[in-house]
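Only one structure is covered here, and it is reproduced in the block below.
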Amino acid sequence: MQASKTQQLPPPEPRTSIPAEPGEPAPARHTTASRLLTAFQRWSIERRVLVGFGLVIAGVLVISAISYRNMTVLVRNTYQDQRSHDLIELLVGMGTRLDESENGHRRYLVTGDESYLKAFHILNERMPEYIRYVRELTQDIPEQRQHVDLLNRLIEKQLEAERAAIELRTKTGFDAVRNIALAGVAKAELEEFHRIQTQMEHDENRAIHRRAMQSAAITRNTIGLLGVGLLMLLVLLASVYYLIRHDITERRRVAGELARRGELLEAANKELEAFSYSVSHDLRAPLRHIDGYASLLQKSAHALLDEKSARYLQTISESATRMGQLIDDLLVFSRMGRQEMLQTRVNLEQLVKSVLHDLQHDTQNREISWTIGALPDVKGDPAMLRQVLSNLIANAIKFTSTRPLARIEIGSDERNPTETVVFVRDNGVGFDMQYARKLFGVFQRLHRANEFHGTGIGLANVRRIIHRHGGRTWAESTLDQGATFYFSLPKTTEST
């Protein structure tokens, strides 16, 4: 756009040419491509580099957004599959309860032995809970909700019919209910229940299959997208290198180094075992050079940049830094799943002291009341367990930053004979427990980034490390009243 101010391009010539005035040159015939090429050639090196970096950043953001969206679809499908399996299991259980109730009811009508009514009483007592749970599992599926309403009516009719038959048997004896006992008082309702149950199970199995096909397609598309994105990034970076290689010697050296690093990355990618680890490596180098080039551009063209251009460069640098931190965290998360574990005795008290020493910078000018209880020795990997404590304590420091007096407690509970439970408790902002299942997921944040910094990887690392040790992770909180994070480690004969 700026180039149009320095050169006025001639308008397109009409089909019927008009003779030029004597002494006036004929208008040049330029295609759209030639105009764009001419305008691009007149750009300064700084503008070309800025546009190149802008395209790189746009590509990274688009790929990241699409990959994140695909990841959310996969996670949602996994959750819905679990819901479908729970629903099928519950329907089978309800059908079994109904059959047991009908069989026990008929035996009671024949024998008068009230012990056969146990299944009927259990069904009568738990039926509202069953229906409530089924409604929760089908609340987002209108077709299944209609089936649930019909199941509820059928169960009520069966229970009412059995209840009436029981009263009749109690008052008048076996002769009055002989035909009912032989034919079954609620046979039609029971058959209809099993028909609807089969239909609901069939619908859920079809939905599971459909989601499996969708997840497979999304995975293939994501792999293809990342391959195209990587190729696009390499082409753009190569173009930037070509534009500046004859103008700035230092930039040419850096571009050459970038090309060599690209070759090293290509060789390293063939040896990577995890898909996310490969993608992270491919994105780290471009982001470092985005930040580096932005800094070089800001220094070399400081006098030529207006306030808006300087702000653009600052935004580029900050975005590259944040994306780099996110990728580093992803690398740590990916590496944590393949890193070989050591199994040795670990003194948790010493680990806590070491972590607090390392976090002194974060606690400067803060009033924090520490309560550190007795911590046992455990069996595990010292470096991994140190990462767990560092993440949990750092979170407690971060989320109590709004409190004039922060209270942080670290302790353990060994009442369970099979595991040692360690907790980190604070009086920070807390969180709503209905979102607790999101805490330990990748990229899951319950607070806005402008309130508390972070990438959403720390707690995911905690869960992965503890799971590799054979333990559990969970959290409890009340909004604005603090939170407690727990992890457990299995006890061994050698641990104390």
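The table below lists the values:
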quantity	calculated
Selected residue [farther than 30 Å from Ile122 by Cα, in contact with a His (Cβ under 9 Å, 6 or more places away or on another chain) and modelled with pLDDT under 80] from Thr16, Thr38	Thr38
Among residues of segment 139-154, those that are within 19 Å of His194 (Cα to Cα) and either in contact with a Leu (Cβ under 7 Å, 6 or more places away or on another chain) or open to solvent by 90 Å² or more (accessible area, probe 1.4 Å) (or both), counted	4
Matching residues, segment 123-160, being in contact with a helix residue (DSSP H, G or I) (Cβ under 7 Å, 6 or more places away or on another chain) and more than 30 Å from Asp81 (Cβ to Cβ)	Asn124, Lys157, Gln158, Leu159
Residue check, Glu189 assigned to a helix (DSSP H, G or I) and at pLDDT 80 or above	no
Per-region count, segment 471-496, residues outside any strand (DSSP E or B), at pLDDT 90 or above and of a type outside the set (D, E, K, R)	1
Segment 351-407, residues that are open to solvent by 10 Å² or more (accessible area, probe 1.4 Å) and among the charged types (D, E, K, R)	Lys353, Asp358, Asp362, Arg366, Glu367, Asp377, Lys379, Arg386, Lys398, Arg403, Arg407
Filter result (surrounded by 14 or more Cβ atoms within 10 Å (Cβ to Cβ) and closer than 14 Å to Glu167 by Cα) within segment 79-115	His105, Arg106, Tyr108, Leu109, Val110
Within segment 447-470, considering residues that are under 18 Å from Arg437 (Cα atoms) and surrounded by fewer than 15 Cβ atoms within 10 Å (Cβ to Cβ), the one modelled with the highest pLDDT	His467
Pairs, first basic (Lys, Arg) in segment 43-63, second at pLDDT below 75, C-beta under 7 Å, six or more apart	Arg48/Leu243
Per-region count, segment 68-88, residues more than 19 Å from Arg206 (Cα to Cα) and of a type outside the set (Phe, Trp, Tyr)	4
Residues of segment 415-430 satisfying the condition of being in contact (Cβ under 8 Å) with a residue 40 or more places away in the chain and surrounded by fewer than 21 Cβ atoms within 10 Å (Cβ to Cβ)	Asn416, Pro417, Thr418, Glu419, Val421, Phe423, Arg425, Asn427, Gly430
Residue within segment 256-277 that is farther than 17 Å from Gly52 by Cβ, open to solvent by less than 80 Å² (accessible area, probe 1.4 Å), among the aromatic types (Phe, Trp, Tyr) and at pLDDT below 80 present	yes
Conditions (1) modelled with pLDDT of 70 or more; (2) under 20 Å from Gly458 (Cβ atoms): number failed by Leu326	(1)
Output for segment 118-130, where each listed residue is open to solvent by 10 Å² or more (accessible area, probe 1.4 Å), touching a residue at least 24 places away in the same chain (Cβ under 8 Å) and not aromatic (Phe, Trp, Tyr)	Ile122, Asn124, Arg126, Met127
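The values are calculated or read from the model by the stated rules, or taken from the named source; none is laboratory data. Predicted, not measured: the structure shown is a model, and the values here were computed from it. Glycine also receives a Cβ, built like all others from the backbone with ideal geometry; neighbour counts cover every protein chain displayed. Heavy atoms of the whole protein, side chains included, go into the accessibility calculation; ligands, DNA and RNA do not. Shrake-Rupley method; radii C 1.70, N 1.55, O 1.52, S 1.80 Å.
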